[in-house]
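To start, the structure under review is shown below, and the notes come after it.
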Amino acid sequence: MNPHHTASDYSSLDEVNAIFEELLGQEIIIVLDATQRNILGQTFRPIFTGILEEVRGGSIQLNPAIIKMPNAPNFVFPTPLSFPIENIAVFAPFDLDTRLTLS
């Protein structure tokens, strides 16, 4: 398996779901295709890590979902978060203990 994927590397939703299904139960990192997001009054780059808990109907769910923000680099969202696969620019296996520089 290629350790670095983009959703556009695959030609069908079934293929995309299948590659994510291979990662079920594993720690991953995802980067969304937007340049920034806003949540809880904080603007941040759309970088998330967590354990891939579910793949269904063209979306994935992380639980826990950890948002990588400069002022709270390991903010654990209080509920699982789902992401449409079509909005994921990059995903890869990722050790949740790894620190990212976000400045």
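The values are calculated or read from the model by the stated rules, or taken from the named source; none is laboratory data. Not measured: the values here are computed from a predicted model. Reconstructed Cβ throughout: ideal geometry from the backbone, glycine too, with neighbour counts over all protein chains shown. These accessible areas exclude ligands, DNA and RNA; they are computed on the full protein's heavy atoms, side chains included. Shrake-Rupley method; radii C 1.70, N 1.55, O 1.52, S 1.80 Å.
Just one of Gly41, Gly50, Gly58 is open to solvent by less than 60 Å² (accessible area, probe 1.4 Å) and either at pLDDT below 95 or over 11 Å from the mean Cα position of the chain (by Cα) (or both); which is it? Step by step, each of Gly41, Gly50, Gly58 is checked, and only Gly58 is open to solvent by less than 60 Å² (accessible area, probe 1.4 Å) and either at pLDDT below 95 or over 11 Å from the mean Cα position of the chain (by Cα) (or both). Sort out which residues of region 14-30 are open to solvent by less than 50 Å² (accessible area, probe 1.4 Å) and among the hydrophobic types (A, V, I, L, M, F, W, C), and write them in order of number. If the condition is that a residue be open to solvent by less than 50 Å² (accessible area, probe 1.4 Å) and among the hydrophobic types (A, V, I, L, M, F, W, C), then Val16, Ala18, Ile19, Phe20, Leu23, Ile28, Ile29, Ile30 are the ones that fit. For region 66-73, the condition holds for no residue, the condition being that it is touching a helix residue (DSSP H, G or I) at 6+ places or on another chain (Cβ under 9 Å) and of a type in the set (Lys, Arg). Residue check: is Ala7 within 12 Å of the chain's Cα centre (by Cα) and at pLDDT below 85? Considered against the rule, which asks whether it is within 12 Å of the chain's Cα centre (by Cα) and at pLDDT below 85, Ala7 comes out as yes. Of the residues making up region 64-81, those that are assigned to a strand (DSSP E or B), in contact (Cβ under 8 Å) with a residue 12 or more places away in the chain and exposed (fewer than 15 other Cβ atoms within 10 Å of the Cβ) number 2.
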